[in-house]
Each structure stands twice: as structure tokens, then as C-alpha cells.
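Data block below; observations after.
What follows is calculated from the coordinates using simple rules that are stated; it is not laboratory data. Just so it is clear, the model here is predicted, and its values are computed rather than measured. FYI the Cβ positions are ideal-geometry reconstructions off the backbone, even for glycines, and counts take in every protein chain you see.
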Amino acid sequence: MTTSEIKVEVIHKETIKPSSPTPRHFKTLKLSVFDQIASDLYVPLLFFYRRHNSSVPSAEIFNILKTSLSKTLTLFYPWAGQFQYNDSIGCNDRGAEFLEAQVNCPISNILDNPDAHQMLFKQLLPAEHMGLAIAAGSGNLILVQASFFECCGVAIGASICHKVADAITGSTFINTWAAFAFGSSVVSSTTTGDHQEVVKFPAPKIFGVPASLFPPLDFLNTHHPVVEYAKEKCMTRRFLFGASEITALKSKSASSTVPNPSCVEVVSALVWK
């Protein structure tokens, strides 16, 4: 099957809200001045999984992803809100848009094909399907898509607004979501109990720390983007690394301080070199 014959069809869409409502005293989150001047473009994340257990139906996996995402949004409550002008986020539990899609080929047709077209990968990202490929604006701050392939594969794509997430918070969000999906319990020291279910937030005050150190500026509080994103000037490239290449990179990268570098570490180091 050629890449032009591969189709990604969205079959379901719904809004996933936090599993517990955000406490009243966390309803507004001020942006820092650096957040104000940051672009509100969606940062794409795309993960591929080869499923070895075909006995678990896709519907069950989708429900697990939804439930665990709902729990994760309770901890990352600003991400379930929306912008209030360009100086704050209204943490109103608006939620995240979650799309379910079907792909008419095995996952190997994409992962093992070095000529797979970039447009195909874009179809696995929710922002593209919703016509929000560039900026979050007044929409959801996070969009998610689970695309199920023939013969037990799944791709999970996320489009996260850059104003609310950098690489570290994005990684923490994904890891927390994965932990909930695997049935882990995520708790921390700060407890709020002004609603029926007691929720333990992971140090919620940390979300407001940047604004307390670098408060927003009034003249940047505008409906118009402070930074324009020229999409036509951006370019996307795909790099494929085989098992032998990864092994060679690990061998060359090993040192006394990092004797056993991971696959991600050696590839990231090479790309960023």
C-alpha cells in the first residue's frame, strides 16, 4: 500500500474534563511576561506503539486513555482552561478535545517506510483535523488523538499550546498520563478539600511561580498575537535510525559518567549536536 492510499478517518470526538473540579482559589492563573510573548502555536507530540496483545479491544484502550487523561487534567488544571486575553488562563475545567481515529493499514506501513509523507503524520495529530494547526487562540489548550491501526497498533498524538507548556512540563504531563493509564496512583503533599472528593495536587502553586517572579505587562495584554508564526518558513524532516545505528551510537557515546546511554539520549544528542 502506498502512502497516498493510507487514510486516517476520525470516527469519534469528545471533550475530556478533569476528573475533579478545580478549587475556587486556583480558577485564575496569571501568565508571566515570557508567557505573554511566547507564541500560542500547538507543539506536536506523536507516539507510536506496536500492540502485541490483540485480545484487548481498541474500545477498551480508548476508555483507559480517556479516564487516565481526565485524572491527569485534574493535576494539570490550567491545561483544561482557556486564555483570558493575554495575561491569564481561566482554569474553568473546559477540558481537552479527544479524537478517536482509524487507519486503514498496519502500523508497520508507516514506521518501516522511510518514504512516508509528512502529510500522513500530520493526519495523526489532532490540531490538523480540527483546523487549528497553527495557534491555540481561544480554543482548547490541549488536543489529543488516538489513531488505531489494523493489526494492533496505535499512535497517540497530542497538540499542546506552547504558552502553557515547555519541554519539561510536556514530558511530565505525558509521563503522568502514562502512569495513570497503567493504574498508578499519583499523589503529593498539597491537599484541597473544598469539594466532595479530596484531590491531592502536585504542588499547584508552582504554576504561578513564573508570574510572581516576572509579572505580566499591561501593554502585552492584547487579542492580537504578540509573536507571528510564519508557517511557510518552517520545515519538517524525518530521521530513521535502525537497531544497528542505535547500537553504534550507544557505543560511541558511552563514557565513564554515562556508561549506558539510552536510545533517546544518544539520538537526542546527535540531533541537537
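Points worth noting:
- Listed cross-link partners Lys30/Lys122; Lys17/Lys273; Lys27/Lys122; Lys66/Lys273; Lys13/Lys122 are compared with a 29 Å cut-off, the Cα-Cα value being larger for Lys30/Lys122; Lys17/Lys273; Lys27/Lys122; Lys66/Lys273.
- Ordering 75-83, 170-178 by mean Cβ neighbour count within 10 Å, with the highest value first, yields 75-83, 170-178.
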